[in-house]
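What follows is one structure encoded as C-alpha coordinates, with my remarks underneath.
The values are calculated or read from the model by the stated rules, or taken from the named source; none is laboratory data. Because the structure is predicted, anything quoted here is derived from the model rather than measured. Counting neighbours? That spans all protein chains shown, and the Cβs are built from the backbone with ideal geometry, glycine included.
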Amino acid sequence: MQRTGLFIERAGFLQRLNPLTKATGALLLIGATFLLPAPLTGAALLGGGLLPLALASLVARRFLDILLKTLLPVLISLVLVQGLFFPTADPTIVAIGPLLFRRAGLQFALDTGSRLLVVAGAPLLLFQTTHPGMLVQALIQSGMPRSIGYILLVALQLIPAISERAVGVAEAQRARGLETEGNVLQRIRGVLPLISPLIVGALVEAEERAMAIEARAFNAPGPKTWVRAIPDPPAERMARIAMLTALGTLVVWRVATFFSG
Amino acid sequence: MTTSTTSQRGGLSSTALASIPIAIAINVVLGQLVQSVLKLPIYLDSIGTVLVGVLLGPLAGAITGLLANVIWGLTLAPSALPFAAVAAVIGLIAGYARQYGAMHSWWKMALAGLLTGVVAAAISAPIATYVFGGVTGAGADVLVAMFQSLGASVLGASFMQGAVSDPLDKTITYLIVWAIISALPKRLLARFGANAQ
(Lines give C-alpha, C1' and ligand atoms only; values in the text may rest on other atoms or scores of the structure.)
Protein backbone atom coordinates (compact mmCIF):
# COMPACT_ATOMS: atom_id res chain seq x y z
CA MET A 1 0.00 0.00 0.00
CA GLN A 2 2.50 2.62 -1.05
CA ARG A 3 0.61 5.07 -3.22
CA THR A 4 -2.91 4.72 -1.89
CA GLY A 5 -1.90 4.33 1.75
CA LEU A 6 -2.61 7.65 3.43
CA PHE A 7 -1.90 6.47 6.96
CA ILE A 8 1.14 8.10 8.58
CA GLU A 9 2.49 6.39 11.69
CA ARG A 10 2.78 9.16 14.32
CA ALA A 11 1.93 9.35 18.00
CA GLY A 12 -0.39 12.36 17.95
CA PHE A 13 -3.80 13.23 19.35
CA LEU A 14 -6.13 11.68 16.75
CA GLN A 15 -4.05 8.50 16.47
CA ARG A 16 -4.97 7.64 20.08
CA LEU A 17 -8.73 7.86 19.49
CA ASN A 18 -11.05 5.01 18.58
CA PRO A 19 -11.57 4.94 14.76
CA LEU A 20 -15.34 5.18 15.22
CA THR A 21 -14.99 8.44 17.18
CA LYS A 22 -12.92 9.96 14.37
CA ALA A 23 -15.34 8.73 11.70
CA THR A 24 -18.28 10.24 13.61
CA GLY A 25 -16.38 13.51 13.90
CA ALA A 26 -15.71 13.55 10.15
CA LEU A 27 -19.40 12.91 9.51
CA LEU A 28 -20.39 15.80 11.80
CA LEU A 29 -17.97 18.21 10.07
CA ILE A 30 -19.24 17.25 6.60
CA GLY A 31 -22.85 17.55 7.74
CA ALA A 32 -22.23 20.93 9.36
CA THR A 33 -20.61 22.42 6.28
CA PHE A 34 -23.73 21.71 4.22
CA LEU A 35 -26.24 22.65 6.92
CA LEU A 36 -24.70 25.94 8.06
CA PRO A 37 -24.21 29.00 5.82
CA ALA A 38 -21.15 29.03 3.50
CA PRO A 39 -18.41 30.22 3.12
CA LEU A 40 -17.97 31.17 6.79
CA THR A 41 -18.72 27.66 8.08
CA GLY A 42 -16.26 26.04 5.69
CA ALA A 43 -13.52 28.48 6.63
CA ALA A 44 -14.26 28.12 10.37
CA LEU A 45 -14.34 24.31 10.27
CA LEU A 46 -11.12 24.18 8.28
CA GLY A 47 -9.23 26.82 10.28
CA GLY A 48 -10.76 26.06 13.69
CA GLY A 49 -11.33 22.30 13.37
CA LEU A 50 -9.32 20.38 10.80
CA LEU A 51 -6.07 22.37 10.88
CA PRO A 52 -5.59 22.37 14.69
CA LEU A 53 -6.46 18.64 14.72
CA ALA A 54 -3.91 17.97 11.98
CA LEU A 55 -1.32 19.95 13.95
CA ALA A 56 -2.10 18.08 17.18
CA SER A 57 -1.78 14.81 15.28
CA LEU A 58 1.59 15.82 13.75
CA VAL A 59 0.41 15.38 10.15
CA ALA A 60 -0.33 19.04 9.25
CA ARG A 61 2.22 19.38 6.43
CA ARG A 62 1.20 16.19 4.61
CA PHE A 63 -2.47 17.01 5.24
CA LEU A 64 -2.28 20.42 3.54
CA ASP A 65 -0.03 19.06 0.81
CA ILE A 66 -2.47 16.29 -0.25
CA LEU A 67 -5.59 18.40 0.29
CA LEU A 68 -4.35 21.16 -2.01
CA LYS A 69 -2.89 18.77 -4.58
CA THR A 70 -6.17 16.88 -4.98
CA LEU A 71 -8.49 19.89 -4.82
CA LEU A 72 -6.54 22.50 -6.78
CA PRO A 73 -7.79 21.35 -10.22
CA VAL A 74 -11.40 21.40 -8.95
CA LEU A 75 -10.99 24.82 -7.32
CA ILE A 76 -9.39 26.37 -10.42
CA SER A 77 -12.10 24.87 -12.62
CA LEU A 78 -14.74 26.15 -10.19
CA VAL A 79 -13.46 29.74 -10.26
CA LEU A 80 -13.05 29.77 -14.05
CA VAL A 81 -16.29 28.02 -15.03
CA GLN A 82 -18.58 29.65 -12.45
CA GLY A 83 -16.71 32.96 -12.28
CA LEU A 84 -17.01 33.46 -16.03
CA PHE A 85 -20.22 31.60 -16.94
CA PHE A 86 -22.45 31.66 -13.81
CA PRO A 87 -26.06 32.29 -14.86
CA THR A 88 -27.06 35.41 -12.88
CA ALA A 89 -29.19 38.52 -13.13
CA ASP A 90 -26.56 40.45 -11.11
CA PRO A 91 -24.62 42.53 -13.67
CA THR A 92 -21.66 43.34 -11.36
CA ILE A 93 -18.36 42.53 -13.06
CA VAL A 94 -15.00 42.06 -11.34
CA ALA A 95 -12.05 42.51 -13.69
CA ILE A 96 -8.97 40.47 -12.77
CA GLY A 97 -6.28 41.01 -15.39
CA PRO A 98 -7.81 40.40 -18.82
CA LEU A 99 -10.65 38.24 -17.40
CA LEU A 100 -14.09 39.69 -16.60
CA PHE A 101 -15.56 37.70 -13.68
CA ARG A 102 -19.20 37.86 -12.57
CA ARG A 103 -19.42 38.74 -8.89
CA ALA A 104 -22.27 36.29 -8.15
CA GLY A 105 -20.28 33.56 -9.87
CA LEU A 106 -17.19 34.24 -7.73
CA GLN A 107 -19.40 34.19 -4.62
CA PHE A 108 -20.83 30.83 -5.69
CA ALA A 109 -17.32 29.48 -6.34
CA LEU A 110 -16.16 30.68 -2.91
CA ASP A 111 -19.13 29.06 -1.12
CA THR A 112 -18.73 25.74 -2.93
CA GLY A 113 -14.94 25.77 -2.63
CA SER A 114 -15.02 26.34 1.14
CA ARG A 115 -17.39 23.37 1.50
CA LEU A 116 -15.27 21.16 -0.71
CA LEU A 117 -12.19 21.75 1.44
CA VAL A 118 -14.05 20.38 4.49
CA VAL A 119 -15.78 17.56 2.58
CA ALA A 120 -12.41 16.36 1.27
CA GLY A 121 -10.35 17.35 4.31
CA ALA A 122 -12.32 15.50 7.01
CA PRO A 123 -12.00 12.01 5.45
CA LEU A 124 -8.39 12.77 4.48
CA LEU A 125 -7.47 13.55 8.09
CA LEU A 126 -9.37 10.45 9.24
CA PHE A 127 -7.32 8.22 6.94
CA GLN A 128 -4.02 9.92 7.67
CA THR A 129 -4.45 9.20 11.37
CA THR A 130 -6.21 5.81 11.18
CA HIS A 131 -4.85 2.53 9.86
CA PRO A 132 -7.49 1.24 7.39
CA GLY A 133 -7.35 -2.19 9.02
CA MET A 134 -8.24 -0.72 12.42
CA LEU A 135 -11.12 1.30 10.98
CA VAL A 136 -12.54 -1.73 9.19
CA GLN A 137 -12.15 -3.88 12.33
CA ALA A 138 -13.95 -1.27 14.43
CA LEU A 139 -16.75 -1.05 11.85
CA ILE A 140 -17.15 -4.84 11.69
CA GLN A 141 -17.20 -5.07 15.50
CA SER A 142 -20.00 -2.52 15.57
CA GLY A 143 -22.09 -4.44 13.07
CA MET A 144 -20.85 -3.97 9.50
CA PRO A 145 -20.92 -7.24 7.45
CA ARG A 146 -17.54 -8.96 7.45
CA SER A 147 -17.64 -9.42 3.68
CA ILE A 148 -17.84 -5.64 3.13
CA GLY A 149 -14.81 -5.15 5.37
CA TYR A 150 -12.89 -7.79 3.46
CA ILE A 151 -13.75 -6.16 0.11
CA LEU A 152 -12.63 -2.72 1.33
CA LEU A 153 -9.27 -3.93 2.64
CA VAL A 154 -8.42 -6.11 -0.35
CA ALA A 155 -9.39 -3.37 -2.80
CA LEU A 156 -7.13 -0.89 -0.98
CA GLN A 157 -4.22 -3.33 -1.28
CA LEU A 158 -4.95 -4.15 -4.93
CA ILE A 159 -5.05 -0.60 -6.31
CA PRO A 160 -1.24 -0.11 -6.37
CA ALA A 161 -0.75 -3.63 -7.78
CA ILE A 162 -3.30 -3.17 -10.60
CA SER A 163 -1.93 0.30 -11.28
CA GLU A 164 1.57 -1.19 -11.68
CA ARG A 165 0.22 -3.89 -13.97
CA ALA A 166 -1.49 -1.23 -16.11
CA VAL A 167 1.88 0.44 -16.62
CA GLY A 168 3.37 -2.94 -17.53
CA VAL A 169 0.63 -3.68 -20.08
CA ALA A 170 1.03 -0.20 -21.59
CA GLU A 171 4.78 -0.74 -22.03
CA ALA A 172 4.28 -4.20 -23.53
CA GLN A 173 1.74 -2.89 -26.05
CA ARG A 174 3.91 0.08 -26.94
CA ALA A 175 6.78 -2.32 -27.61
CA ARG A 176 4.44 -4.00 -30.11
CA GLY A 177 3.88 -0.67 -31.84
CA LEU A 178 0.70 0.65 -30.16
CA GLU A 179 0.20 4.42 -30.41
CA THR A 180 -0.78 5.93 -27.05
CA GLU A 181 -0.27 9.55 -28.01
CA GLY A 182 -1.82 11.86 -30.60
CA ASN A 183 -5.29 13.32 -31.05
CA VAL A 184 -8.40 12.35 -29.05
CA LEU A 185 -9.49 9.52 -31.38
CA GLN A 186 -6.02 7.99 -31.41
CA ARG A 187 -5.85 8.15 -27.63
CA ILE A 188 -9.26 6.45 -27.27
CA ARG A 189 -8.21 3.73 -29.69
CA GLY A 190 -5.00 3.29 -27.71
CA VAL A 191 -6.92 2.69 -24.47
CA LEU A 192 -8.74 -0.45 -25.63
CA PRO A 193 -5.71 -2.76 -26.08
CA LEU A 194 -4.60 -1.67 -22.61
CA ILE A 195 -7.89 -2.45 -20.87
CA SER A 196 -8.64 -5.97 -22.03
CA PRO A 197 -5.37 -7.72 -21.01
CA LEU A 198 -5.55 -5.89 -17.69
CA ILE A 199 -9.08 -7.11 -16.91
CA VAL A 200 -8.71 -10.66 -18.24
CA GLY A 201 -5.53 -11.07 -16.19
CA ALA A 202 -7.27 -9.72 -13.11
CA LEU A 203 -10.23 -12.10 -13.54
CA VAL A 204 -7.89 -15.09 -13.74
CA GLU A 205 -6.42 -13.90 -10.46
CA ALA A 206 -9.93 -13.59 -8.99
CA GLU A 207 -10.41 -17.31 -9.53
CA GLU A 208 -7.30 -18.15 -7.48
CA ARG A 209 -8.41 -15.74 -4.78
CA ALA A 210 -11.86 -17.36 -4.62
CA MET A 211 -10.26 -20.75 -4.03
CA ALA A 212 -8.11 -19.29 -1.27
CA ILE A 213 -11.21 -17.80 0.38
CA GLU A 214 -12.92 -21.19 0.32
CA ALA A 215 -9.81 -23.01 1.55
CA ARG A 216 -9.71 -20.71 4.59
CA ALA A 217 -13.44 -21.08 5.30
CA PHE A 218 -14.06 -17.32 5.17
CA ASN A 219 -17.80 -17.92 4.81
CA ALA A 220 -17.96 -20.34 7.75
CA PRO A 221 -20.69 -19.39 10.25
CA GLY A 222 -20.06 -18.65 13.92
CA PRO A 223 -18.27 -15.92 15.89
CA LYS A 224 -14.75 -14.84 14.93
CA THR A 225 -11.94 -13.68 17.19
CA TRP A 226 -9.64 -10.68 16.69
CA VAL A 227 -5.87 -10.47 17.12
CA ARG A 228 -5.92 -6.85 18.23
CA ALA A 229 -8.27 -5.16 20.66
CA ILE A 230 -9.29 -1.56 19.90
CA PRO A 231 -9.71 0.51 23.08
CA ASP A 232 -13.04 2.32 23.38
CA PRO A 233 -13.18 4.30 26.66
CA PRO A 234 -16.62 5.48 27.92
CA ALA A 235 -15.65 9.13 27.35
CA GLU A 236 -15.31 8.46 23.62
CA ARG A 237 -18.64 6.65 23.50
CA MET A 238 -20.23 9.72 25.14
CA ALA A 239 -18.45 12.00 22.64
CA ARG A 240 -19.87 9.98 19.74
CA ILE A 241 -23.40 10.26 21.11
CA ALA A 242 -22.90 14.02 21.61
CA MET A 243 -21.64 14.47 18.04
CA LEU A 244 -24.53 12.48 16.55
CA THR A 245 -26.99 14.49 18.67
CA ALA A 246 -25.41 17.72 17.40
CA LEU A 247 -25.72 16.52 13.81
CA GLY A 248 -29.36 15.54 14.36
CA THR A 249 -30.08 18.95 15.93
CA LEU A 250 -28.49 20.72 12.94
CA VAL A 251 -30.65 18.74 10.50
CA VAL A 252 -33.85 19.48 12.47
CA TRP A 253 -32.90 23.18 12.74
CA ARG A 254 -32.15 23.40 9.01
CA VAL A 255 -35.42 21.72 8.04
CA ALA A 256 -37.36 23.96 10.46
CA THR A 257 -35.80 27.20 9.12
CA PHE A 258 -36.34 25.98 5.56
CA PHE A 259 -40.08 25.65 6.08
CA SER A 260 -40.53 28.78 8.20
CA GLY A 261 -38.34 31.04 6.04
CA MET B 1 -17.25 -26.61 -10.66
CA THR B 2 -20.39 -27.61 -8.82
CA THR B 3 -19.23 -26.38 -5.42
CA SER B 4 -17.31 -23.32 -6.58
CA THR B 5 -20.11 -20.80 -6.17
CA THR B 6 -22.16 -22.46 -3.49
CA SER B 7 -20.46 -21.24 -0.30
CA GLN B 8 -22.93 -18.40 -0.01
CA ARG B 9 -24.11 -18.27 3.58
CA GLY B 10 -23.23 -14.62 4.20
CA GLY B 11 -25.01 -13.36 1.07
CA LEU B 12 -21.96 -12.97 -1.20
CA SER B 13 -20.33 -16.03 -2.77
CA SER B 14 -16.59 -16.59 -2.56
CA THR B 15 -16.38 -15.75 -6.27
CA ALA B 16 -18.09 -12.41 -5.60
CA LEU B 17 -15.81 -11.77 -2.62
CA ALA B 18 -12.77 -12.39 -4.81
CA SER B 19 -14.01 -10.47 -7.87
CA ILE B 20 -15.43 -7.31 -6.29
CA PRO B 21 -12.15 -5.94 -4.86
CA ILE B 22 -10.44 -6.53 -8.21
CA ALA B 23 -13.28 -4.79 -10.05
CA ILE B 24 -13.00 -1.88 -7.61
CA ALA B 25 -9.28 -1.57 -8.25
CA ILE B 26 -9.89 -1.65 -12.02
CA ASN B 27 -12.50 1.12 -11.70
CA VAL B 28 -10.17 3.32 -9.69
CA VAL B 29 -7.07 2.73 -11.83
CA LEU B 30 -8.87 3.25 -15.17
CA GLY B 31 -10.99 6.12 -13.84
CA GLN B 32 -7.91 7.86 -12.53
CA LEU B 33 -6.07 7.24 -15.81
CA VAL B 34 -8.86 8.66 -17.97
CA GLN B 35 -9.57 11.57 -15.63
CA SER B 36 -6.03 12.75 -14.97
CA VAL B 37 -4.07 11.62 -18.04
CA LEU B 38 -6.43 11.59 -21.01
CA LYS B 39 -8.71 14.49 -19.90
CA LEU B 40 -11.58 13.24 -22.05
CA PRO B 41 -15.24 14.22 -21.44
CA ILE B 42 -15.96 10.54 -20.63
CA TYR B 43 -14.98 8.66 -17.46
CA LEU B 44 -14.57 4.90 -18.09
CA ASP B 45 -14.66 4.50 -14.30
CA SER B 46 -17.41 1.87 -14.17
CA ILE B 47 -16.04 -0.98 -16.30
CA GLY B 48 -15.43 -3.09 -13.18
CA THR B 49 -18.91 -2.26 -11.83
CA VAL B 50 -20.69 -3.25 -15.05
CA LEU B 51 -18.52 -6.37 -15.38
CA VAL B 52 -19.44 -7.57 -11.88
CA GLY B 53 -23.10 -6.59 -12.35
CA VAL B 54 -23.32 -8.58 -15.58
CA LEU B 55 -21.40 -11.60 -14.25
CA LEU B 56 -22.67 -11.80 -10.66
CA GLY B 57 -25.99 -9.97 -10.52
CA PRO B 58 -27.50 -6.68 -9.30
CA LEU B 59 -26.48 -6.92 -5.62
CA ALA B 60 -22.81 -7.61 -6.35
CA GLY B 61 -22.84 -4.86 -9.00
CA ALA B 62 -24.34 -2.31 -6.63
CA ILE B 63 -21.83 -3.16 -3.89
CA THR B 64 -18.95 -2.84 -6.38
CA GLY B 65 -20.09 0.60 -7.54
CA LEU B 66 -20.76 1.92 -4.06
CA LEU B 67 -17.50 0.75 -2.49
CA ALA B 68 -15.42 1.69 -5.54
CA ASN B 69 -16.46 5.32 -5.24
CA VAL B 70 -16.05 5.27 -1.46
CA ILE B 71 -12.47 4.00 -1.79
CA TRP B 72 -11.62 6.21 -4.75
CA GLY B 73 -13.07 9.22 -2.98
CA LEU B 74 -11.23 8.53 0.25
CA THR B 75 -7.84 7.87 -1.34
CA LEU B 76 -7.20 9.62 -4.65
CA ALA B 77 -10.12 11.73 -5.90
CA PRO B 78 -12.43 13.30 -3.30
CA SER B 79 -14.82 14.26 -6.11
CA ALA B 80 -15.80 10.58 -6.57
CA LEU B 81 -17.24 10.08 -3.08
CA PRO B 82 -20.58 11.96 -3.43
CA PHE B 83 -21.28 10.01 -6.64
CA ALA B 84 -21.20 6.65 -4.80
CA ALA B 85 -25.00 6.40 -4.97
CA VAL B 86 -24.89 6.86 -8.75
CA ALA B 87 -22.24 4.14 -9.04
CA ALA B 88 -24.40 1.77 -7.00
CA VAL B 89 -27.36 2.33 -9.35
CA ILE B 90 -25.10 1.69 -12.36
CA GLY B 91 -24.11 -1.70 -10.91
CA LEU B 92 -27.73 -2.50 -10.12
CA ILE B 93 -28.85 -1.74 -13.68
CA ALA B 94 -25.99 -3.83 -15.10
CA GLY B 95 -27.21 -6.80 -13.06
CA TYR B 96 -30.76 -6.43 -14.34
CA ALA B 97 -29.56 -5.86 -17.91
CA ARG B 98 -28.02 -9.32 -17.76
CA GLN B 99 -31.27 -10.82 -16.50
CA TYR B 100 -33.11 -9.27 -19.45
CA GLY B 101 -30.66 -10.92 -21.85
CA ALA B 102 -28.46 -7.94 -22.73
CA MET B 103 -25.49 -10.27 -23.23
CA HIS B 104 -27.10 -11.98 -26.21
CA SER B 105 -25.84 -9.41 -28.70
CA TRP B 106 -23.60 -6.35 -28.79
CA TRP B 107 -26.39 -3.94 -29.72
CA LYS B 108 -28.47 -4.96 -26.70
CA MET B 109 -25.45 -4.18 -24.55
CA ALA B 110 -25.11 -0.79 -26.28
CA LEU B 111 -28.79 -0.12 -25.61
CA ALA B 112 -28.41 -1.09 -21.94
CA GLY B 113 -25.41 1.25 -21.75
CA LEU B 114 -27.38 4.10 -23.27
CA LEU B 115 -30.22 3.57 -20.77
CA THR B 116 -27.78 3.37 -17.85
CA GLY B 117 -26.20 6.62 -19.04
CA VAL B 118 -29.50 8.51 -19.06
CA VAL B 119 -30.36 7.30 -15.54
CA ALA B 120 -26.83 8.11 -14.32
CA ALA B 121 -27.02 11.63 -15.77
CA ALA B 122 -30.36 12.28 -14.07
CA ILE B 123 -29.06 11.21 -10.62
CA SER B 124 -25.63 12.86 -11.03
CA ALA B 125 -26.86 16.34 -11.94
CA PRO B 126 -28.22 17.37 -8.51
CA ILE B 127 -25.09 15.97 -6.81
CA ALA B 128 -22.76 17.78 -9.22
CA THR B 129 -24.70 21.00 -8.68
CA TYR B 130 -25.08 21.07 -4.91
CA VAL B 131 -21.75 19.54 -3.91
CA PHE B 132 -19.39 20.78 -6.62
CA GLY B 133 -21.12 23.77 -8.17
CA GLY B 134 -21.25 21.93 -11.46
CA VAL B 135 -17.55 21.14 -11.93
CA THR B 136 -15.30 18.25 -10.88
CA GLY B 137 -11.91 19.27 -12.27
CA ALA B 138 -12.21 16.71 -15.09
CA GLY B 139 -12.40 17.12 -18.85
CA ALA B 140 -16.20 17.34 -18.84
CA ASP B 141 -16.11 20.75 -17.09
CA VAL B 142 -15.71 22.47 -20.44
CA LEU B 143 -19.19 21.19 -21.39
CA VAL B 144 -20.71 22.72 -18.22
CA ALA B 145 -19.13 26.07 -19.12
CA MET B 146 -20.50 25.83 -22.64
CA PHE B 147 -24.10 25.08 -21.58
CA GLN B 148 -24.06 27.84 -18.95
CA SER B 149 -22.83 30.35 -21.50
CA LEU B 150 -25.76 29.28 -23.69
CA GLY B 151 -28.11 30.33 -20.88
CA ALA B 152 -28.65 27.20 -18.78
CA SER B 153 -28.81 27.21 -14.97
CA VAL B 154 -26.10 25.39 -12.99
CA LEU B 155 -28.42 22.38 -12.46
CA GLY B 156 -29.56 22.47 -16.08
CA ALA B 157 -25.99 22.69 -17.39
CA SER B 158 -24.91 19.85 -15.09
CA PHE B 159 -27.71 17.65 -16.40
CA MET B 160 -26.95 18.52 -20.01
CA GLN B 161 -23.26 17.79 -19.44
CA GLY B 162 -24.28 14.41 -17.98
CA ALA B 163 -26.73 13.80 -20.81
CA VAL B 164 -23.86 14.25 -23.29
CA SER B 165 -21.12 12.41 -21.37
CA ASP B 166 -22.94 9.62 -19.53
CA PRO B 167 -24.82 7.78 -22.32
CA LEU B 168 -21.66 7.88 -24.46
CA ASP B 169 -19.48 6.76 -21.55
CA LYS B 170 -21.80 3.94 -20.46
CA THR B 171 -22.37 2.71 -24.04
CA ILE B 172 -18.59 2.45 -24.53
CA THR B 173 -18.28 0.79 -21.10
CA TYR B 174 -20.93 -1.85 -21.89
CA LEU B 175 -19.36 -2.59 -25.27
CA ILE B 176 -15.94 -3.03 -23.65
CA VAL B 177 -17.49 -5.38 -21.07
CA TRP B 178 -19.23 -7.31 -23.84
CA ALA B 179 -15.95 -7.67 -25.75
CA ILE B 180 -14.10 -8.80 -22.63
CA ILE B 181 -16.68 -11.39 -21.57
CA SER B 182 -16.82 -12.74 -25.13
CA ALA B 183 -13.04 -13.18 -25.01
CA LEU B 184 -12.95 -14.91 -21.62
CA PRO B 185 -12.08 -18.61 -21.52
CA LYS B 186 -15.14 -20.83 -20.91
CA ARG B 187 -13.49 -22.46 -17.90
CA LEU B 188 -13.20 -19.07 -16.20
CA LEU B 189 -16.81 -18.14 -17.04
CA ALA B 190 -17.98 -21.38 -15.41
CA ARG B 191 -16.64 -19.96 -12.16
CA PHE B 192 -19.37 -17.35 -12.35
CA GLY B 193 -21.98 -20.09 -12.33
CA ALA B 194 -25.47 -19.88 -13.74
CA ASN B 195 -25.12 -16.13 -14.24
CA ALA B 196 -22.73 -16.63 -17.15
CA GLN B 197 -23.17 -18.54 -20.35
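Points worth noting:
- Of all residues assigned to the range B:83-93, at least one qualifies as being within 22 Å of A:Leu124 (Cα to Cα), assigned to a helix (DSSP H, G or I) and not aliphatic (A, V, I, L, M).
- Members of the range A:120-144 found to be more than 7 Å from every other protein chain (Cβ to nearest Cβ) and over 23 Å from A:Pro233 (Cβ atoms), listed by number: A:Gly121, A:Leu124
- Members of the range B:72-109 found to be surrounded by fewer than 18 Cβ atoms within 10 Å (Cβ to Cβ) and either within 14 Å of chain A (Cβ to nearest Cβ) or more than 13 Å from the chain's Cα centre (by Cα) (or both), listed by number: B:Tyr96, B:Gln99, B:Tyr100, B:Gly101, B:His104, B:Ser105, B:Trp106, B:Trp107, B:Lys108
- Residue satisfying all of: in the range A:159-187; within 7 Å of another protein chain (Cβ to nearest Cβ) and not charged (D, E, K, R); farthest from A:Arg146 (Cα to Cα) among these: A:Val184
- The one condition from (1) under 26 Å from A:Pro73 (Cα atoms); (2) touching a residue at least 12 places away in the same chain (Cβ under 8 Å); (3) of a type outside the set (Phe, Trp, Tyr); (4) at the interface with another protein chain (Cβ under 10 Å from one of its Cβ atoms) that B:Ala163 does not meet is (4).
- Lone qualifier among A:Arg174, A:Arg103, A:Arg165 - being more than 30 Å from A:Leu198 (Cα to Cα) and among the basic types (Lys, Arg): A:Arg103
- Filter result for B:Arg9 (basic (Lys, Arg) and at pLDDT below 85): yes
- Screening the range A:71-113 for residues that are buried (at least 18 other Cβ atoms within 10 Å of the Cβ) and hydroxyl-bearing (Ser, Thr, Tyr) and picking the one that is farthest from A:Leu40 (Cα to Cα) gives A:Ser77.
- Filter result (closer than 24 Å to A:Gly121 by Cα and either in contact with a Leu (Cβ under 6 Å, 6 or more places away or on another chain) or more than 10 Å from chain B (Cβ to nearest Cβ) (or both)) within the range A:72-109: A:Gly83, A:Leu106, A:Gln107, A:Ala109
- Residue in the range A:178-189 that is modelled with pLDDT of 80 or more and either surrounded by 15 or more Cβ atoms within 10 Å (Cβ to Cβ) or at positive phi (or both) present: no
So that you can scan it fast, the table gives a plain yes or no per residue for (1) among the basic types (Lys, Arg); (2) out of contact with any Gly (no Cβ under 8 Å at 6 or more places or on another chain); (3) on the phi > 0 side of the Ramachandran plot:
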| residue | (1), (2), (3) |
| --- | --- |
| B:Ile93 | no, no, no |
| B:Arg98 | yes, no, no |
| B:Met103 | no, yes, no |
| B:Trp107 | no, yes, no |
| B:Ala112 | no, yes, no |
| B:Ala120 | no, no, no |
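- Filtering the range B:116-133 to residues that are closer than 23 Å to A:Gly42 by Cβ and β-branched (Val, Ile, Thr) leaves B:Ile127, B:Thr129, B:Val131.
- For the range A:1-22, the condition of being surrounded by fewer than 18 Cβ atoms within 10 Å (Cβ to Cβ) and closer than 26 Å to B:Ile127 by Cβ holds for none of the residues.
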